[in-house]
Each structure stands twice: as C-alpha cells, then as structure tokens.
Amino acid sequence: MSSVKQVLAVTQKEFISEIRSPSGVMTSALFGTVAVVAISLTTADVSIEPTISAGLLWVVLLFAGVIAMPRAFLQEEEQGTGDLLRLIGEPEAIFWGKGLFNGILMLTVGLVIAAMFLVLTGQPVVHPGDFLLGLVGGCASIAGAVTLCSAIAARSANATTLTAAIALPMLLFLVSLGTTGMRSAFGADHSGRGLMVNMALVAYAIGTYAIGSMIFPRVWKR
Amino acid sequence: MNRLINPIFALVVGVVTVLSFVAPDLPMFQRPELARIFFWHFPCPILATCLLIGGAYMSWQYLRTNDLRWDIRALAMQELAYVFCLLTMATGMIFSKAQWGAWWQNDPRQTSFLLVLMLYFAYFAYRAATQDTLRRASNSAALALATFIPAMFLIYVFPRLDPIQSFHPSDSVMKGKIHGWYAYITLLVFALVTIITVVMYRMRVRTAEILRNLEEDSNGSMESHGGNSAPTGVVRPISLPRED
C-alpha cells in the first residue's frame with residue numbers, strides 16, 4: 001500500500017472511530033460552546049474591545065484543542081489497539097493520518113467556536129481573509145503540536161493531563177501571535193502586520209508537522 | 001599541578017569579583033550602582049542557549065543510537081540549561097528593577113523567557129511521570145527536540161518581531177555599545193562561569209553514570225540470587241497410578 005493510501009486509511013479509521021463514539025468532537029464543542037456563552041453572558045452589557053476579543057477567542061480555541069486532540073493516541077492505548085497499529089502501520093503514515101484527522105477536527109471545532117463567538121459577542125470582522133488565514137494556521141498549529149505531544153505521552157501515567165501539560169507551553173506563544181493577527185482581522189491594527197503574523201502561524205504549523213513526522217517514528221515503536 | 005588549579009581558580013574568581021566592584025557606575029541607569037548586574041545577566045542566556053543546543057544534539061544522538069549514555073548527557077545539559085534560564089530570569093528581574101523601576105514589566109523578553117521556563121519544566125515533568133527507563137529516555141529526547149525550536153523562537157525571534165515592542169535592548173553587543181570596563185569584566189565573568197559549567201556538567205554526568213551502574217549491579221545481583229531468573233533443571237511429566 002502506498003504511503004498516501006496508508007495515511008488516508010489511518011485518517012479514515014480515525015473518522016470511523018469518532019463517528020462510533022464522538023466523544024472528542026463532542027467534548028471539545030461543548031467546552032467551546034460553554035466558554036463562548038460564558039463570555040457572552042459576562043460581557044452582555046459592555047462592548048469588548050477588539051484586542052480583548054481576539055485574546056478571548058484564542059484562549060477558548062487553545063483549551064478546546066488541548067481537550068479534544070490527545071485522544072488520537074490515548075484511545076489506542078486504552079482500547080489495546082496500539083500494539084496492532086504498531087505492527088501493521090508505517091510510523092510516518094500513522095503520524096500524518098492522525099495529524100490530518102486532528103487538523104480537520106480542530107478546524108471544524110475552531111470554525112464552530114469562532115462563528116458562535118462572532119454571533120454572540122457581535123464582534124465585526126473587518127478583514128475576513130486575515131481572519132480565516134489566522135484561524136486555519138492556528139488550528140493546524142494546535143493540532144500538530146498536540147498530536148506530537150499525545151504520541152509522546154500516550155503510554156505514561158496520567159497521560160491526558162500530561163499531554164496537556166507538555167503541549168500548553170508549546171502553544172502559549174501561539175496565543176500571542178494569534179491574538180496579534182486576529183486583532184488586525186477585527187480592525188484594531190492598521191499597520192498591515194496581521195498578514196505577516198498569520199503567515200508565521202502557518203509556518204509554525206508546517207514546522208510542527210515536519211518535525212513531528214521526523215521524531216515520531218523514533219518514539220512510536222518503543 | 002592539579003593541586004594548584006583550585007586555588008588559582010579561586011584567586012581569579014576573587015580578583016574578578018573585586019574588579020566588578022571597582023568598575024564605575026553607569027549614570028544611564030536609574031540606580032547607577034546596580035548596573036553591575038549586567039556582568040552576571042549577560043552570560044546567563046548565552047550559556048543557557050548553548051546548553052539547550054547541546055541538550056537537543058545529545059537527545060538526537062540518543063534517538064539515533066539508543067545508547068543511554070547520551071540520555072544521561074542530555075539530561076545533564078537540560079538541567080544546567082534550566083539553572084541558567086532561572087538565573088537569567090532572576091538577574092533579568094533585578095536588571096528590570098534597576099533600569100525600569102519594576103521587578104516585572106510584562107516586557108516581551110521577560111514573558112518569552114518565562115514561556116521557555118515552562119517549556120522545559122514540561123520536559124522535567126514528563127521525565128518524572130514516566131517510570132520505564134528506555135521509554136523515558138526516547139520520549140523525553142523527542143520532547144527535547146520538539147521544544148527546542150519553539151524555545152529558540154521565543155528567545156531570539158519573538159522579541160524582535162516587528163509588532164512586538166520590547167524595552168530590552170537587542171543590539172548592545174552587535175553595535176559595540178558595551179566597551180571599556182564593562183566589556184572586559186563581562187568577558188571574564190563569562191569565561192569563569194563557562195568553566196564552572198563545564199565542571200558541573202562533568203560531575204553531573206559522572207554521578208548519573210555511577211548511579212546507573214549501581215542500579216544495574218543491584219538488578220544483576222537480584223537475578224543471580226534467583227529474583228527474576230528462571231529455575232534451572234528440566235521438569236518432566238510423570239504418570240500417577242490411578243486409584244480404582
């Protein structure tokens with residue numbers, strides 16, 4: 001089977017697993033929804049500045065991602081299918097397959113959360129292109145980093161908590177970059193730097209997946 | 001000759017310490033006498049970076065060779081790097097108080113270094129949470145490599161990005177703003193701290209290797225006393241007479 005077919009087969013397997021027990025997407029969407037509604041409720045009688053809006057949205061995205069993504073590898077160990085996957089799959093294909101699934105899942109959750117956030121807070125988007133690029137780059141970065149961290153922590157004690165603990169510091173500065181980009185999309189920064197920052201997010205996502213695919217084979221079969 | 005090294009080193013440390021107090025105050029600081037913190041602040045991030053690079057290299061060597069000696073070396077490097085990151089943070093806060101009047105300025109440099117501390121704290125948290133020696137070695141090596149690029153980005157790129165505005169100067173050395181007493185003493189302190197770091201690294205590696213050998217010896221002796229070894233001799237099936 002060619003590498004691309006293997007990657008797609010792993011992604012398909014992840015989708016089937018998620019459809020059978022959609023706990024990842026449900027937990028993440030529920031967390032995101034509750035967080036956005038909480039923001040909307042607590043700021044009902046005040047208008048939020050674009051900078052604060054951007055920061056709040058990114059914090060919600062970050063934690064929604066960290067809650068949902070670790071399942072990709074943890075569920076293999078919980079269900080006892082990890083060893084079978086190690087026997088039959090190429091490590092690179094497994095990483096890319098699970099990373100692709102996580103990327104799609106994170107992007108879906110991110111779009112839903114962002115849409116709800118915009119509707120409930122009434123925040124206008126001045127530059128939709130910047131907004132979408134930042135969202136795609138940010139979601140892909142979160143998915144790449146958390147996929148790698150969950151692979152590293154999958155067989156440790158307290159794996160879910162540990163994955164979040166080691167992934168969050170890697171992602172914190174993304175919040176800073178993402179907030180700068182989103183602020184520009186919301187029209188609070190007219191310097192034109194939003195595009196540069198959003199490109200940095202996309203570059204970080206590419207870097208994370210590239211490094212992950214190099215490191216992952218060396219930890220997966222041990 | 002070996003006997004003389006320690007007294008000579010102690011003498012040099014003493015001379016440099018005295019020189020650092022002889023150096024003139026810097027009037028550009030809010031508290032000119034506290035400008036001397038620069039002697040100790042400047043070498044710390046550079047050494048921390050060198051140690052982080054060394055740690056990443058040794059982690060990669062471990063993943064390549066599966067030799068646990070590389071894991072010991074990588075851990076020693078990361079531990080020392082963390083110590084220097086903490087010293088950078090501490091001296092940076094004193095610097096911040098001396099120059100800008102507050103211990104914590106929310107300056108991008110300070111914040112990004114705090115994130116680096118968190119990144120490497122995660123490395124040690126991971127090692128503490130994993131009991132299996134080989135898995136801990138391979139996965140923590142992977143984690144060290146995965147955190148290396150964000151760490152370098154946070155130390156060198158993030159504070160220099162166009163939209164980020166930092167109080168912290170980034171071009172003092174490149175543009176030759178450090179000269180005279182301050183350049184010479186900083187170089188001397190840098191050299192001394194580097195020597196101390198090399199000695200500490202070698203001691204740490206040696207200690208870890210001795211501990212690992214002791215652990216292997218104790219496991220070996222347990223097996224020789226029958227702890228985990230299979231019994232010798234052959235067990236044959238026998239038939240028992242049936243009782244009618």
_Output for the stretch A:163-180, where each listed residue is over 17 Å from B:Leu154 (Cα atoms), in contact (Cβ under 8 Å) with a residue 60 or more places away in the chain and either at the interface with chain B (Cβ under 9 Å from one of its Cβ atoms) or β-branched (Val, Ile, Thr) (or both)_ = A:Thr163
*asked:* Residues that are more than 29 Å from A:Ala157 (Cβ to Cβ): list the helices (runs of 4 or more DSSP H) wholly contained in the stretch A:1-114 that include at least 2 such residues.
replied: A:3-20, A:23-42, A:50-68
*Residues in the stretch A:145-154: is at least one in a loop (DSSP other than H, G, I, E, B) and either out of contact with any helix residue (DSSP H, G or I) (no Cβ under 6 Å at 6 or more places or on another chain) or free of Cβ contacts under 8 Å to residues at least 12 places away in the same chain (or both)?*
no
*Report yes if some residue within the stretch B:93-116 is of a type outside the set (Gly, Ala, Ser) and under 21 Å from B:Ala141 (Cα atoms); otherwise report no.*
yes
*Residues of the stretch A:181-204 that turn out to be in contact with a Leu (Cβ under 7 Å, 6 or more places away or on another chain) and either closer than 19 Å to B:Arg160 by Cβ or assigned to a loop (DSSP other than H, G, I, E, B) (or both), as a count*: 6
*Is one or more of the residues making up the stretch B:164-176 modelled with pLDDT under 75 and within 9 Å of another protein chain (Cβ to nearest Cβ)?*
yes
*List the number of the failed condition for B:Thr88; all other conditions in (1) in contact with a Pro (Cβ under 8 Å, 6 or more places away or on another chain); (2) surrounded by 17 or more Cβ atoms within 10 Å (Cβ to Cβ); (3) farther than 24 Å from B:Val199 by Cα; (4) not basic (Lys, Arg) hold.*
(3)
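Going by the conditions given, is A:Ser176 in contact with a Leu (Cβ under 6 Å, 6 or more places away or on another chain) and under 28 Å from B:Ala144 (Cα atoms)?
no
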_Quick check on my filter: what residues within the stretch B:87-121 are in contact (Cβ under 8 Å) with a residue 24 or more places away in the chain, polar (S, T, N, Q) and facing chain A (nearest Cβ under 9 Å)?_
B:Ser112
_Selected residue [without any contact (Cβ under 8 Å) to a residue 60 or more places away in the chain and either within 23 Å of A:Ala154 (Cα to Cα) or within 16 Å of the chain's Cα centre (by Cα) (or both)] from B:Ala129, B:Ala137, B:Ala141, B:Ala74_ = B:Ala129
*Give the stretch B:125-147 a look and list any residue that's closer than 24 Å to A:Ala210 by Cα and at the interface with chain A (Cβ under 7 Å from one of its Cβ atoms), or say none.*
B:Tyr126, B:Arg135, B:Ser138, B:Asn139, B:Ala142, B:Leu143, B:Leu145, B:Ala146, B:Thr147
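Here's the yes/no breakdown for (1) modelled with pLDDT of 90 or more; (2) surrounded by fewer than 21 Cβ atoms within 10 Å (Cβ to Cβ):
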| residue | (1), (2) |
| --- | --- |
| A:Gly110 | yes, no |
| A:Leu118 | yes, yes |
| A:Asn158 | no, yes |
| A:Leu174 | no, no |
| A:Thr180 | no, no |
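The values are calculated or read from the model by the stated rules, or taken from the named source; none is laboratory data. Computed from a predicted structure; not experimentally measured. No Cβ is skipped: glycine too gets one built from the backbone with ideal geometry, and neighbour counts run over all protein chains shown.
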